[in-house]
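Trainee: One structure coming up, written as structure tokens, with questions to follow.
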Amino acid sequence: MVEEYMINWVYVFLLFILGFITYYRKSLDLFGTAVMIIMGVVIIFSAGANWLGLIVLFLVMSLLATKFSKKYKMSLGEFEGRRTSKNVISNGVVACFMAA
């Protein structure tokens, strides 16, 4: 029990590192990064690391898809730049509620 609790805190630390990276690379704004970390902590302590892995995989895939089509979106005038807390909440709220 104690070991599992310690492992969860390691994942929380990794979430903060991921949050710093996404903010530094201008993928998420500051509030979006904070919401991502909070939702990640809820998922870790409610459902475990497997669920966190899935939501992080979704984040990485969505950021890659955004970078992949950046020129096309810019030509349409639809490129958003940094994702906001609105994007984070709309994409992660179902996983967060299901985990909790």
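Each value in this text was obtained by applying a stated rule to the coordinates, not by laboratory testing. These numbers come from a predicted model, not from an experiment. Don't worry about glycine lacking a Cβ; one is built from the backbone with ideal geometry, like all the others, and counts go over all protein chains shown.
Trainee: Return the loop-located GluC sites (Glu not before Pro) in the range 1-78 (DSSP other than H, G, I, E, B) with at most 13 other Cβ atoms within 10 Å of their own Cβ; answer none if there are none.
Mentor: Details: sites: GLU3, GLU4, GLU78; in loops: GLU78.
Counting only loop positions with at most 13 other Cβ atoms within 10 Å, the GluC sites (Glu not before Pro) in the range 1-78 are GLU78.
Trainee: Can you pull out the chymotrypsin sites (Phe, Trp or Tyr not before Pro) in the range 22-100 whose DSSP state is coil and whose Cβ has at most 13 other Cβ atoms within 10 Å? The partial results should precede the final answer.
Mentor: Numbers: sites: TYR23, TYR24, PHE31, PHE45, TRP51, PHE58, PHE68, TYR72, PHE79, PHE97; in loops: PHE79.
When the chymotrypsin sites (Phe, Trp or Tyr not before Pro) of the range 22-100 are filtered for loop state and at most 13 Cβ neighbours within 10 Å, PHE79 remain.
Trainee: Let me ask something else about it. Would you list which lysines come within 21 Å of LYS86, measuring only between C-alpha atoms, while excluding same-chain residues fewer than 8 positions from it?
Mentor: Excluding near neighbours in sequence, the set is LYS26, LYS67, LYS70, LYS73.
Trainee: What residue among MET39, VAL93, VAL60 has its Cα farthest toward the positive end of the dipole of the chain, where the charges are +1 on Lys, Arg and -1 on Asp, Glu, each on the Cβ?
Mentor: It is VAL60.
Trainee: Show that you can apply the helix-only estimate: for the chain, add -39,500 (n - 2.57) for every DSSP H stretch of four or more residues, divide by all residues, and state [θ] at 222 nm to the nearest 500. Don't jump to the answer; show the numbers that get you there.
Mentor: On the way: 5 runs with 83 residues, N = 100.
That calculation yields -27500 deg cm²/dmol at 222 nm.
Trainee: Okay, which of the range 76-100 sit inside 11 Å, backbone N to the point 7 Å along the Cα-Cβ direction of ASN50?
Mentor: none
Trainee: Still on this structure: Just to confirm a number: summing +1 for Lys and Arg and -1 for Asp and Glu over residues other than THR22 whose beta-carbon lies under 15 angstrom from that of THR22, what do you get? If you can, show how the numbers build up before the last one.
Mentor: Numbers: positive: ARG25, LYS26, LYS67, ARG82, ARG83; negative: ASP29, GLU80.
The answer is +3.
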